[in-house]
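I have a structure here, written as structure tokens, and I will follow up with some questions on it.
The values are calculated or read from the model by the stated rules, or taken from the named source; none is laboratory data. What you see is a predicted model, and the numbers here were worked out from it, not measured in a lab. In this analysis, Cβ positions are derived from the backbone assuming ideal geometry, glycine residues included, and neighbour counts consider all displayed protein chains. Ligands, DNA and RNA are stripped out before the accessible areas are found, and what is left, the full protein with its side chains, is counted by its heavy atoms. Shrake-Rupley method; radii C 1.70, N 1.55, O 1.52, S 1.80 Å.
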Number of protein chains: 2
Amino acid sequence: MSTALDKDLRNFSKLRSEISGSLAEKPPRERILLAARELFYRFGVHTVGVEAVAETALTNKMTLYRHFRSKDDLIVAYVEQLAGENVATLDRLLGEGLGTPQQKLAAWIDHVEDVLSNKSERGCALANAAVELDAGHPARGVIEDYKRRKHDRLVNVFRAARYREPERLADEVFLLFEGARISLQCGGSGPASRLVAMLRSLLAASPRDDAR
Amino acid sequence: MSTALDKDLRNFSKLRSEISGSLAEKPPRERILLAARELFYRFGVHTVGVEAVAETALTNKMTLYRHFRSKDDLIVAYVEQLAGENVATLDRLLGEGLGTPQQKLAAWIDHVEDVLSNKSERGCALANAAVELDAGHPARGVIEDYKRRKHDRLVNVFRAARYREPERLADEVFLLFEGARISLQCGGSGPASRLVAMLRSLLAASPRDDAR
DNA sequence: TAGCTGTGTTACCGATCGGTAACTGCGCCG
DNA sequence: CGGCGCAGTTACCGATCGGTAACACAGCTA
């Protein structure tokens with residue numbers, strides 16, 4: 001098999017991108033989750049072994065297994081961590097209090113632009129995990145919950161912005177965004193790079209009630 | 001690790017879904033590719049071992065390695081097989097000769113409906129493979145070529161149908177479709193199930209020159 | 001009949017996988 | 001000070017991984 005990343009290479013990437021990062025002196029459990037986040041996202045949950053995670057977290061397998069009962073447990077924690085952060089980001093952008101619905105939408109699209117333009121983008125980590133995990137895996141439920149929740153937030157903000165068909169618009173925006181993220185890693189960057197412009201004109205062209 | 005599919009279970013699925021299928025008495029190479037297609041798509045290229053592929057193909061590892069130099073070679077052949085068939089399907093639906101561009105588009109959307117409504121849909125096999133394979137893998141090039149080609153065909157048929165912005169429309173349709181397939185396995189079936197209606201009304205609403 | 005080619009079979013290799021046992025040692029709190 | 005809990009370390013387990021060697025046996029052609 002072509003691992004395409006010698007084990008040594010993995011350890012080097014750890015030293016640079018993690019230590020220089022923030023994992024300096026945190027409790028082991030946090031370090032492990034940080035390492036898992038990096039490695040699972042970059043290389044996939046199946047190709048990365050628990051030992052690689054532990055070493056990248058500057059600890060060892062035994063300590064990892066003191067905090068997570070199994071690798072599957074670690075995967076679930078990894079997925080829950082991502083889902084939680086993404087929901088928090090959504091709350092920060094679309095939550096109550098901050099500006100008009102239009103302003104929230106503009107801020108969210110700016111955020112989408114940041115995500116997509118990020119180099120080293122390998123698509124949505126949660127979607128990637130879902131692809132790798134078979135139907136019975138406990139992490140699947142977490143992923144599906146998150147995606148549903150995200151879709152609901154979109155419906156709500158479209159409704160608050162008085163769009164005439166908020167559900168339909170949310171479906172469309174949701175699918176476009178998901179498609180863009182998966183296309184970034186296999187479809188060439190063409191269509192995905194034009195997503196933001198598409199979103200803006202889609203929202204501008206969709207009919208709204210009232211509109212002040 | 002939760003394999004969620006005991007090895008025995010895999011072998012049973014082979015006996016039923018493959019033998020009863022068509023692999024009855026074909027040359028070994030074809031049987032192997034058929035088995036790889038089934039197993040790689042259902043469970044992912046990484047979780048399925050070469051031995052499982054060989055046994056499902058009613059042969060053994062040695063014969064597999066006489067036809068494919070390595071597992072990576074088999075993965076490339078698997079991906080090439082899928083890309084080739086998908087391009088053939090596109091040619092059959094959108095190719096020259098058969099009807100007006102509008103008829104071709106209607107036929108293509110019917111085909112999309114079939115794909116999405118198919119139970120046991122696990123998303124686009126090529127996109128899934130791309131998620132599992134890291135950037136250097138030779139199969140990645142095949143996948144990207146296919147996706148680009150598919151996008152180009154969409155542009156061409158939209159141009160032939162005299163849509164005013166064929167590239168933009170192709171981007172949108174492409175991303176929607178990709179998003180729907182990935183969402184089927186992690187986003188709940190909600191947005192994806194409404195894709196076909198979205199496509200039809202999108203095409204109906206998009207401006208065209210001339211229009212007969 | 002002899003010989004060749006392709007398939008099946010068994011056994012094996014080193015490496016790595018997920019997971020565990022047992023021990024050392026540090027720091028913290030009484 | 002004594003003790004306890006947690007982290008680190010080493011060594012190990014059985015299983016499975018991708019990949020190979022050697023041999024038996026079929027079918028075909030000459």
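Quick one: what pairs do we get from the stretch B:125-136, first residue at the interface with chain A (Cβ under 7 Å from one of its Cβ atoms) and more than 20 Å from B:LEU34 (Cα to Cα), second crowded, with 24+ Cβ neighbours inside 10 Å and of a type in the set (S, T, N, Q), C-beta under 7 Å, 6+ apart or different chains?
B:VAL131/A:ASN128
Out of the stretch A:60-90, which residues are open to solvent by less than 30 Å² (accessible area, probe 1.4 Å), within 12 Å of DNA strand C (Cβ to nearest atom) and more than 14 Å from chain B (Cβ to nearest Cβ)?
A:THR63, A:LEU64
Now, a different point. Among the acidic types (Asp, Glu) and surrounded by 15 or more Cβ atoms within 10 Å (Cβ to Cβ): does that describe B:ASP152?
Against the criterion (among the acidic types (Asp, Glu) and surrounded by 15 or more Cβ atoms within 10 Å (Cβ to Cβ)), B:ASP152 does not qualify.
Given A:ALA54, A:ALA107, which one is within 16 Å of DNA strand C (Cβ to nearest atom), among the aliphatic types (A, V, I, L, M) and away from every other protein chain (no Cβ under 12 Å)?
Being within 16 Å of DNA strand C (Cβ to nearest atom), among the aliphatic types (A, V, I, L, M) and away from every other protein chain (no Cβ under 12 Å) holds for just one of A:ALA54, A:ALA107, which is A:ALA54.
Could you pull out the residue among A:ALA161, A:ALA180, A:ALA170 that is facing chain B (nearest Cβ under 7 Å), touching a residue at least 12 places away in the same chain (Cβ under 8 Å), open to solvent by less than 10 Å² (accessible area, probe 1.4 Å) and at negative phi?
A:ALA180
Please name all residue pairs, on different chains or six or more residues apart, with Cβ atoms under 6 Å, provided the first residue is in the stretch A:61-73 and is among the aromatic types (Phe, Trp, Tyr) and the second residue is more than 6 Å from DNA strand C (Cβ to nearest atom) and at pLDDT 95 or above.
Short answer, once both residue conditions are applied: A:PHE68/A:LEU74.
It is to be established whether one or more residues within the stretch A:20-34 are away from DNA strand D (no atom under 14 Å from the Cβ), modelled with pLDDT of 95 or more and crowded, with 19+ Cβ neighbours inside 10 Å.
Among the residues of the stretch A:20-34, not one is away from DNA strand D (no atom under 14 Å from the Cβ), modelled with pLDDT of 95 or more and crowded, with 19+ Cβ neighbours inside 10 Å, which makes the answer no.
Hey, can you tell me all the residues within the stretch A:42-51 that are more than 9 Å from DNA strand C (Cβ to nearest atom) and open to solvent by less than 50 Å² (accessible area, probe 1.4 Å)?
Passing the criteria: A:PHE43, A:GLY44.
To keep it simple, each residue is scored yes or no on (1) facing chain A (nearest Cβ under 9 Å); (2) in contact with a strand residue (DSSP E or B) (Cβ under 6 Å, 6 or more places away or on another chain); (3) over 19 Å from A:ARG168 (Cα atoms).
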position: B:THR100; (1), (2), (3): no, no, yes
position: B:SER120; (1), (2), (3): no, no, yes
position: B:GLN185; (1), (2), (3): yes, no, yes
position: B:VAL196; (1), (2), (3): no, no, no
position: B:LEU203; (1), (2), (3): no, no, no
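Go through the stretch A:91-135 and give me each residue that's surrounded by 15 or more Cβ atoms within 10 Å (Cβ to Cβ) and either among the basic types (Lys, Arg) or in the same structural domain as A:ARG37 (by TED's automatic domain parsing) (or both).
A:LYS104, A:ARG122
The rows are residues; the columns are (1) away from DNA strand D (no atom under 12 Å from the Cβ); (2) in contact with a His (Cβ under 8 Å, 6 or more places away or on another chain); (3) of a type in the set (D, E, K, R).
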position	(1), (2), (3)
B:THR47	no, yes, no
B:VAL50	no, no, no
B:TYR65	no, no, no
B:ALA88	yes, no, no
B:THR100	yes, no, no
